[in-house]
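K.L.:
Quick one: this structure, given as structure tokens, is what I'll be asking you about.
Read-outs throughout are calculated quantities, based only on the coordinates presented, and are distinct from any laboratory measurement. Computed from a predicted model, the values in this text were never measured in an experiment. When we count neighbours, we look across all protein chains shown, and the Cβ atoms used for this are built from the backbone with ideal geometry, even at glycine.
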């Protein structure tokens, strides 16, 4: 027996909740959020540190508090929730298959879907770090779950690889819970995390940050006994002779996040090889009509506030899709990126269908100081603003105005690039 | 006169602040993009403060083993370790609501430890 | 007094145990690790070779072909995944064609059926992603891939069901002939027995040399591998071997029964019998060598690498037989490739030898079959729904990457010879073997182990037995320090 909903949101974390709420606020009355955990909130439930909500609520909240705000709004009515339920398939026809202990296998026909499954962590195996495969190697998020949700410490002498925010946060967390963190090693010559976290999580505790370093060996048959850290050259290759052995019992890895894109693939949406999330247009709609995406499953974010903003756009558009169907197509243009810009979301823009103001989010591919972010329509530059500092770890945005595009019909390309002047 | 260089932590921008301190008081702050940065520098340069977040076990909850907690507002940076240590052995009993006081006036700071999730 | 003590619960020991359990004998298996399948048996190519590679007339050749014949019915009886996908040995230059033909002829002499050399369009249609330099290949339709963890476990479990006792965390430290029988010494107790089967893998020589002055020398030969995500699992459709050259055996590329792509192994002779580490050199070697036979391998989809040791002997043949001067002590040694393929036949041969010594009667109540744990990853919705109707816990997915449900994990724990560690669950269910490499499911599996096993607490759970505990204590109970 198949149920139907107008909108099915896959994932009940910050993206899913914000999308569902926005869809309801836009007038949709048939919304289902499917969440695999026993509670809503997604990854925020284990992010017990603060720094969330400065933009959304003008308050500094912890992850669980931020999640609770959205959960409260979502549960005010009009949004059904399935917990402890795993979506195992999404078809191109928007038939969603989920399984749960309580309800068994459930089929839901959706008119529109919002993909909000978040992301997963890159494991040791994907880096091929040589050595043994003992207990004590954890991705930072798994360690975070053990410490914050289960209440158990995964180790006492810790080395962290990767200076992304999760690694930095866990450096502090482990230290405060009684472990000793020897160092954080970072492959790149700059940190991937926020400045705030370098100061609050490393400097405050005297934990050294080893830039341009990586782990080249793991020792320990049953449990980690040591890791070897070496300096790397400009290409990221270990420099012989720079190896230092760090005795430890734990290696935490914060070496990259990857959108959980299995369902996206199942649904037949086109993925971007750069973000590894779906290619989307100005409505955050994927290449499959009526399937939208937002949050970390679309591209990995740094600030949950932007996740909520983005997801609200997806939710509103999903509601509009249900309300009015596909609507008139204009001419879609790919946004071409170059010269320091790694990707944009959305990747495709239809000037006729974009809102008055479209937020285009992007990331740069290195650390740039005093560069201009420039947007060109064909050869005409319509945006040119200086940024004092940009880094890969900090998502940026440009607001594109529809009137600028409509004023130039016949434009064939939109390009984003960094310029020195 | 002392020149202190700080990275502002009030928001993820991490503005680089240059603070001039004379006789234990802040004389000038530059480099901040907003008022929060200036306020931050006023204290960070002479009396650094920190929020502390942690977790404590909860009994009697069907949904959670641990409840996340935080200092209701910032405490002196020098007290952070002491504050966390004082949570050792502290447990709470369900039901717990966000904002419930778990420890009041922790370590004599005048600041409460409050729950940040329900259980 | 036992009739038979088997040293080693890898696939050889388990195959011997199962075969011997068809007889009226008292049998026990002593395993130094925490579980079955902890040595070579868990870190190999998972291939059931057709049998053309081993030297004609060798024990390897005979047992490979026999084992390969027995494997189909055995896997069906024991609920083990076996996929008859065939194999290709590729040749990348014309001057090596005679070697390819020799291999075909050797295979025919060994009794392998269906071998033929293919090239051109037909080869390309069979395997589109072969390297452009491939000129021809030896096609062996009888080759298969198997789930080695399931096979080892199923053999052992079936043996247990038929009366064989298993002792884990039990290392054999001495074997002595006294009072007309064998005393097998372990740190805990001494086992008295009429026959000993030495199936101790890379330690078989150590055990053998305890009882015979005619020493055996086993060289641990390390093989490193990459495992690629299921997204790459169809990059080749058959097992692709490289023709051995002067530089040695090549590297194979193969699908696995779980749908991954496996690339490897290296072949490095080392001294350390515990040297199951991967190395930077080995990783580099695999990346380079795999490209010789298969193009465009999407190494970006690598999810893990591992290494295993084979028990290599200079003479390069199995050593199975009663040891001269040690009546009742039977070596089952030097079981390197094609050891997995030959396992059922090895069990037969060893049981035959024991029959000659002990002349036991056959049991009439031998339980020949065993049901495996259903796998929902590849079954259709209707079949999955039927499982949920029987047991709602099939509705809770625990390992997201491999779609392993709570019911399967609970089953893996409560099956005979059930899982007691994270790796134990992993080998029995595919959990933890996906692209996130247990990042998501570890805390959940720990919760289930804690709940299902009364003698295991959350913080006592190990990855792979004592010494590999995942947790070191509760929050705030460690004595750490910062340097500020």
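K.L.:
Report, for the protein assembly as shown, the % of DSSP beta bridges that are antiparallel, rounded to 5.
P.N.:
Values: 134 of 194 bridges.
Rounded to the nearest five, the antiparallel share is 70 percent.
K.L.:
Regarding the stretch B:2-47, what's the average projected area of the Cα-atom convex hull, expressed in nm²? Write out the running numbers ahead of the final one.
P.N.:
Numbers: hull surface 10.4 nm².
Quarter of the Cα hull surface area: 2.6 nm².
K.L.:
Which whole-number value in Å³ per residue fits the convex hull of the alpha carbons of chain C?
P.N.:
176
K.L.:
Go through C:278-284, C:113-119 and give me the packing order, highest mean Cβ count within 10 Å leading. Mind showing how you got there, number by number?
P.N.:
On the way: C:278-284: 17.9, C:113-119: 15.0.
The densest-packed peptide leads the list: C:278-284, C:113-119.
K.L.:
Percent of alpha carbon pairs in the stretch A:328-421 separated by more than 19 Å?
P.N.:
Values: 1547 of 4371 pairs.
That tail contains 35 percent of the Cα-Cα pairs.
K.L.:
While we're here: Which whole-angstrom value gives the distance between the alpha carbon centres of the stretch A:61-117 and the stretch C:155-196?
P.N.:
The stretch A:61-117 and the stretch C:155-196 have Cα centres separated by 54 Å.
K.L.:
Does the protein assembly as shown classify as rounded, prolate or oblate by the C-alpha gyration tensor (a ≥ b ≥ c root eigenvalues; a/c under 1.5 gives rounded; else a/b over b/c gives prolate, otherwise oblate)?
P.N.:
On the way: a/c = 1.90, a/b = 1.59, b/c = 1.19.
Prolate, because a/c is 1.5 or more and a/b exceeds b/c.
K.L.:
I've got another one for you. When only Cα pairs under 8 Å and 6 or more residues apart are kept, what is the percent relative contact order across the stretch A:328-421? It would help to have the intermediate numbers written out before the result.
P.N.:
Working: 204 pairs, mean separation 34.6, N = 94.
In percent, rounded to a whole number, it is 37.
K.L.:
So, by mean Cβ neighbours within 10 angstrom, what's the order for C:355-363, B:27-35 with the highest one leading?
P.N.:
My ranking of the peptides, most packed first, is B:27-35, C:355-363.
K.L.:
Ok, one more. So what is the relative contact order of chain A, in percent, for Cα pairs below 8 Å that sit 6 or more residues apart? It would help to have the intermediate numbers written out before the result.
P.N.:
Values: 1045 pairs, mean separation 66.5, N = 421.
Worked out over chain A, it gives 16 percent.
K.L.:
Calculate for the protein assembly as shown the 222 nm mean residue ellipticity that helices alone would give, adding -39,500 (n - 2.57) per DSSP H run of length 4 or more and normalising by residue count, nearest 500 deg cm²/dmol.
P.N.:
My calculation for the protein assembly as shown gives -7000 deg cm²/dmol from helical runs alone.
K.L.:
With 10 angstrom as the radius, rank A:283, C:427 by how many other C-beta atoms surround their C-beta, starting from the fewest. The partial results should precede the final answer.
P.N.:
On the way: A:283 23, C:427 27.
Neighbour counts put them in this order, fewest first: A:283, C:427.
K.L.:
Given the alpha-carbon gyration tensor of chain B, what are the semi-axes of its equivalent ellipsoid in whole angstrom, ordered largest first, with each equal to the square root of 5 times an eigenvalue? Let's see the in-between values first.
P.N.:
On the way: eigenvalues 248, 44, 19 Å².
Largest first, chain B gives 35, 15, 10 Å.
K.L.:
What's the angle, to the nearest 10 degrees (0 to 90), between helix A:14-25's Cα axis and the longest principal axis of chain A?
P.N.:
The angle comes out near 20 degrees.
K.L.:
Hey, another quick one. Compute the separation of the alpha-carbon centres of the stretch C:209-229 and the stretch C:85-128 and state it in Å as a whole number.
P.N.:
Between the Cα centre of the stretch C:209-229 and that of the stretch C:85-128, the gap is 29 Å.
K.L.:
From other protein chains only, count the Cβ atoms within 10 Å of every residue's Cβ in C:225-235, then give the mean. Walk me through the numbers before you get to the answer.
P.N.:
Numbers: counts 0, 2, 1, 0, 1, 1, 3, 0, 0, 0, 0.
Per-residue shielding by partner chains comes out at 1.
K.L.:
For chain A, give me the percentage of DSSP beta bridges that are antiparallel, rounded to the nearest 5 percent. Can you show the working numbers first?
P.N.:
Details: 56 of 95 bridges.
Rounded to the nearest five, the antiparallel share is 60 percent.
K.L.:
Let me ask something else about it. Order of A:138, A:190, A:376, B:40 from fewest to most other C-beta atoms within 10 Å? Write down the numbers at each step before the final one.
P.N.:
Working: A:138 27, A:190 14, A:376 18, B:40 23.
If I rank by nearby Cβ atoms, fewest first, I get A:190, A:376, B:40, A:138.
K.L.:
Quick one: compute the contact order of chain C, relative version, from alpha carbon pairs under 8 angstrom and 6+ residues apart, as a percent. Let's see the in-between values first.
P.N.:
Working: 1065 pairs, mean separation 93.0, N = 484.
Computed value for chain C: 19 percent relative contact order.
K.L.:
Cα centroid distance between the stretch A:301-325 and the stretch A:1-38, in Å?
P.N.:
Here the answer is 11 Å between Cα centres.
K.L.:
Further question: What do you get for the angle between helix A:165-176 and the principal long axis of chain A? Use alpha-carbon atoms, 0 to 90 degrees, nearest ten.
P.N.:
Roughly 50 degrees, rounded to the nearest 10.
K.L.:
Anyone know which of A:242, A:228, A:62 comes out most mobile in the 10 Å Cα GNM of chain A?
P.N.:
Residue with maximal mean-square fluctuation among A:242, A:228, A:62: A:242.
K.L.:
Additional query: Once you have a ≥ b ≥ c as the square roots of the Cα gyration tensor eigenvalues for chain A, tell me rounded if a/c is under 1.5, and otherwise prolate or oblate according to whether a/b is larger than b/c. Spell out each step's value before the answer.
P.N.:
Working: a/c = 2.01, a/b = 1.30, b/c = 1.55.
Oblate, because a/c is 1.5 or more while a/b does not exceed b/c.
K.L.:
What is the mean number of Cβ atoms from other protein chains located within 10 Å of the Cβ atom of each residue in peptide A:94-101, rounded to a whole number? Mind dumping the intermediate values first?
P.N.:
On the way: counts 0, 0, 0, 2, 2, 12, 5, 11.
Per residue, the number of nearby Cβ atoms from other chains is 4 on average.
K.L.:
Which of A:46, A:347, A:402 moves the most in a Gaussian network model of chain A with Cα springs under 10 Å?
P.N.:
Residue with maximal mean-square fluctuation among A:46, A:347, A:402: A:402.
K.L.:
Taking springs between alpha-carbon atoms closer than 10 angstrom, which of B:24, B:99, B:37 fluctuates most in the Gaussian network model of chain B?
P.N.:
So, out of B:24, B:99, B:37, the one fluctuating most is B:24.
K.L.:
Taking the 0 to 90 degree range and rounding to the nearest ten, how far is the long axis of helix A:63-74 tilted relative to the main principal axis of chain A, both from C-alpha atoms?
P.N.:
20
K.L.:
Moving on. Please report B:86, A:237, C:421 as a ranked list, fewest other C-beta atoms within 10 angstrom at the top and most at the bottom. The partial results should precede the final answer.
P.N.:
Numbers: B:86 14, A:237 10, C:421 23.
By the 10 Å Cβ count, ascending, the order reads A:237, B:86, C:421.
K.L.:
I would also like to ask the following. Partner chain Cβ atoms within 10 Å, averaged over the residues of B:78-84 - can you pull that number for me? Display every interim value, and only then the final one.
P.N.:
Details: counts 1, 0, 6, 6, 0, 1, 5.
That works out to 3 on average.
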